[in-house]
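Engineer: For reference, the structure I am asking about is given below.
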Amino acid sequence: MSGLGKLRVAVIGAGAAGLCAARHLLSRPDTFAPPVVYELTKNIGGTWVYEERVGSYDNGLPIHSSMYRDLRTNIPKEVMSFPDFPFAKHLPSFVHHTEVRKYLEQYCDHFRLWDHIQFGTSVASVTPVDVKGGWNGLAWNVTSNDGINHSKSTTERFDAVMVCNGHFYDPYIPAIPGLEKFKGMLMHSHDYRSAEPLAGKSVVLLGAGLSGLDICMELSNVDAKVILSHGQRPLTCPLPSGVQQAPPVTSVLDDGTLEFKNGERAKPEVFLFCTGYNFTFPFLDKKVGVNVQDHHVWPLYKFLIPPAYPSLFIVGICRAICPFPHFHMQTKFILSVLDGSFRLPSREDMEKDVELDIAARRARGIATRHILKLDSEQWAYNDELAHLGGFEPLPRYWSNLYESNKVFRARDMLNYKTYNYTVLDNMEWKVHDLHGQHLQKPLAVKKQI
């Protein structure tokens, strides 16, 4: 332990998760030394920083942002915020990405985080060290590079490390036989910025996740002819004009034609992958044993802690969640582990817990690649962390409002972002459409939560 017995914690990344980590560590000066936050870029906000360029910066570093110009949130601000820092009241429920970045900058101002962030600094390695008298007998050496071309190397010692490096920057391109034979323009949504360059073109868009649907609507507005290719059940809500659905693309033929699972074919000018991203932790020492395979990261107790190295925390890797409150709950739980108010089980018990949890999910028919996709299970997970860590759970309206928005989105993807929500108290909320008409809450959600 360092400095008067206070724990030194390194935070990797100054996106929303890293900022949340710094905010809570700073709020506990009795237990924690001020954190050191390493940030690769010159800005806070991670994925919320829009960068018009794609590919690489002038210094050769890859551009991490996947933000596109016209993105508005798909979660109402009323449940998207950190629980202890609401968005400005005057904003609509679904805000433009620039407002989220501004919100994160205000969060930094309010909680005085700026001085603790080392900008323009890449983390080269995170290595465990055995230390007698260290937290759980462990400490961590974090080697970082900064200066011109990141040529200056520094190593610092910490008691714990919170990895908040995000997972929306390393594009996942599925292995489609013959893909190299496609003759048109091939791109991933990571490099999509606006629809105009694709105006009037024929596009096969693979993937009907939220960004796939969003980009599909943007393309429709510039008269692109879109085939939305995906493996889910066909969407039944009204689709934008000029959009048809097809099953997944299974191969590319010798002449560059795409073949779908049902045998039908198309020869588009553009093949756009909205297929998500890979997890990547290039700085983590191999002996830590954090495995990444098939969109799964394991073994992690409560999706956070490698049982063999319990002072390392991988924050925010769960998918299909409400991100900022999720980071808030994970961070509060991590602090309860580090300050001793929650005593971690033994390594063996944590490993068993991870195995049982994965086995239970598999038994429910969940594929490995979807284990981290919490979706409606995030609320029980958040409550469990609050219960174990002995801190305040999220207010009750949170899950109900979030799940209701999902129902509205599935019903009316063209208009759901025009709705406005009002939180009335800890339990109750209401929603109005663009014309101020009060909307009925979805029944399924009332029963469910």
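Engineer: For region 88-105, what are the residues that are free of Cβ contacts under 8 Å to residues at least 12 places away in the same chain and part of a helix (DSSP H, G or I)?
Structural biologist: Residue satisfying the conditions is K102 alone.
Engineer: Considering region 24-57 alone, what residues qualify as being part of a loop (DSSP other than H, G, I, E, B) and aromatic (F, W, Y)?
Structural biologist: Listed by number, the residues that qualify are Y50, Y57.
Engineer: Looking at (1) surrounded by fewer than 14 Cβ atoms within 10 Å (Cβ to Cβ); (2) assigned to a strand (DSSP E or B); (3) of a type outside the set (S, T, N, Q), which is the one condition that is false for P128?
Structural biologist: Result: P128 passes all but (1).
Engineer: Restricting attention to region 1-23, report how many residues are part of a loop (DSSP other than H, G, I, E, B) and at pLDDT below 95.
Structural biologist: Residues meeting the conditions: 4.
Engineer: Of the residues V243, V252, which is touching a residue at least 40 places away in the same chain (Cβ under 8 Å) and more than 27 Å from the chain's Cα centre (by Cα)?
Structural biologist: After applying the criteria, what remains is V252.
Engineer: Of a type outside the set (S, T, Y), in a loop (DSSP other than H, G, I, E, B) and open to solvent by 10 Å² or more (accessible area, probe 1.4 Å), is that true of P234?
Structural biologist: It is true that P234 is of a type outside the set (S, T, Y), in a loop (DSSP other than H, G, I, E, B) and open to solvent by 10 Å² or more (accessible area, probe 1.4 Å).
Engineer: Return yes when R53 is open to solvent by 50 Å² or more (accessible area, probe 1.4 Å) and free of Cβ contacts under 8 Å to residues at least 12 places away in the same chain and no when it is not.
Structural biologist: In short, yes.
Engineer: Among the numbered conditions (1) in contact with an Asp or Glu (Cβ under 6 Å, 6 or more places away or on another chain); (2) under 18 Å from E384 (Cα atoms), tell me where K302 comes up short.
Structural biologist: Result: K302 passes all but (1).
Engineer: Okay, next question. Within region 145-159, can one find any residue that is part of a loop (DSSP other than H, G, I, E, B) and either crowded, with 17+ Cβ neighbours inside 10 Å or of a type in the set (A, V, I, L, M, F, W, C) (or both)?
Structural biologist: Yes, the conditions are met somewhere in region 145-159.
Engineer: In addition: Name the single residue that is nearest to Y68 (Cα to Cα) among those in region 237-254 being aliphatic (A, V, I, L, M) and open to solvent by 40 Å² or more (accessible area, probe 1.4 Å).
Structural biologist: L239
Engineer: Anything in region 24-47 that is within 25 Å of F87 (Cβ to Cβ), modelled with pLDDT of 95 or more and open to solvent by less than 40 Å² (accessible area, probe 1.4 Å)? List them, or say none.
Structural biologist: Listed by number, the residues that qualify are H24, L25, P35, V37, E39, I44, G45, G46.
This table checks each residue for (1) touching a residue at least 24 places away in the same chain (Cβ under 8 Å); (2) open to solvent by 30 Å² or more (accessible area, probe 1.4 Å); (3) over 30 Å from N400 (Cα atoms).
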position: I305; (1), (2), (3): yes, no, no
position: L312; (1), (2), (3): yes, no, yes
position: G316; (1), (2), (3): yes, no, no
position: A320; (1), (2), (3): yes, yes, no
position: F324; (1), (2), (3): yes, no, no
position: D339; (1), (2), (3): yes, yes, yes
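Engineer: OK, next. Going through region 100-117 one residue at a time, which ones are farther than 26 Å from L71 by Cα and surrounded by 15 or more Cβ atoms within 10 Å (Cβ to Cβ)?
Structural biologist: If the condition is that a residue be farther than 26 Å from L71 by Cα and surrounded by 15 or more Cβ atoms within 10 Å (Cβ to Cβ), then F111, L113, H116, I117 are the ones that fit.
Engineer: Answer yes or no as to whether L228 is surrounded by 15 or more Cβ atoms within 10 Å (Cβ to Cβ), part of a strand (DSSP E or B) and either in contact with a Cys (Cβ under 8 Å, 6 or more places away or on another chain) or without any contact (Cβ under 8 Å) to a residue 40 or more places away in the chain (or both).
Structural biologist: yes
Engineer: Do we have any residue at all in region 411-432 that's within 14 Å of K302 (Cα to Cα), in contact (Cβ under 8 Å) with a residue 40 or more places away in the chain, open to solvent by 40 Å² or more (accessible area, probe 1.4 Å) and not polar (S, T, N, Q)?
Structural biologist: So far as region 411-432 goes, no, none of its residues is within 14 Å of K302 (Cα to Cα), in contact (Cβ under 8 Å) with a residue 40 or more places away in the chain, open to solvent by 40 Å² or more (accessible area, probe 1.4 Å) and not polar (S, T, N, Q).
Engineer: A further question on this structure: Would you point out which residue out of V161, V204 is of a type outside the set (S, T, N, Q), in contact with a Leu (Cβ under 7 Å, 6 or more places away or on another chain) and closer than 23 Å to S66 by Cα?
Structural biologist: V204
Here is a yes/no grid of residues against (1) touching a strand residue (DSSP E or B) at 6+ places or on another chain (Cβ under 6 Å); (2) free of Cβ contacts under 8 Å to residues at least 60 places away in the same chain; (3) open to solvent by less than 10 Å² (accessible area, probe 1.4 Å):
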site: I366; (1), (2), (3): no, yes, no
site: R369; (1), (2), (3): no, no, no
site: Q378; (1), (2), (3): no, no, yes
site: Y381; (1), (2), (3): no, no, no
site: H387; (1), (2), (3): no, yes, no
site: F391; (1), (2), (3): no, yes, no
site: P395; (1), (2), (3): no, no, no
site: Y402; (1), (2), (3): no, no, no
site: N405; (1), (2), (3): no, no, yes
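Engineer: In addition: Can you pull out the residues in region 189-225 that are on the phi > 0 side of the Ramachandran plot and open to solvent by 30 Å² or more (accessible area, probe 1.4 Å)?
Structural biologist: Scanning region 189-225 gives G200, D223.
Engineer: While we're on this one: When you scan region 169-177, do you find a residue that is closer than 30 Å to S122 by Cα, in contact with a helix residue (DSSP H, G or I) (Cβ under 9 Å, 6 or more places away or on another chain), outside any strand (DSSP E or B) and open to solvent by 70 Å² or more (accessible area, probe 1.4 Å), even just one?
Structural biologist: Yes; the residues of region 169-177 include at least one that is closer than 30 Å to S122 by Cα, in contact with a helix residue (DSSP H, G or I) (Cβ under 9 Å, 6 or more places away or on another chain), outside any strand (DSSP E or B) and open to solvent by 70 Å² or more (accessible area, probe 1.4 Å).
Engineer: Within region 48-70, track down each residue that is in contact with a Ser or Thr (Cβ under 8 Å, 6 or more places away or on another chain) and modelled with pLDDT of 95 or more.
Structural biologist: The answer is V49, Y50, E51, S66, M67, Y68, R69, D70.
Engineer: Count, please, the residues in region 410-431 that happen to be assigned to a strand (DSSP E or B) and touching a Ser or Thr at 6+ places or on another chain (Cβ under 8 Å).
Structural biologist: Result for region 410-431: 5.
Engineer: Mind telling me which of the residues V203, V161 ends up being over 23 Å from the mean Cα position of the chain (by Cα) and β-branched (V, I, T)?
Structural biologist: Being over 23 Å from the mean Cα position of the chain (by Cα) and β-branched (V, I, T) holds for just one of V203, V161, which is V203.
The values are calculated or read from the model by the stated rules, or taken from the named source; none is laboratory data. These figures come from a predicted structure and were not determined experimentally. Virtual Cβ from ideal backbone geometry, glycine too; neighbours counted across all protein chains shown. We work out accessible area using only protein heavy atoms, side chains counted, and drop any ligands, DNA or RNA first. Shrake-Rupley method; radii C 1.70, N 1.55, O 1.52, S 1.80 Å.
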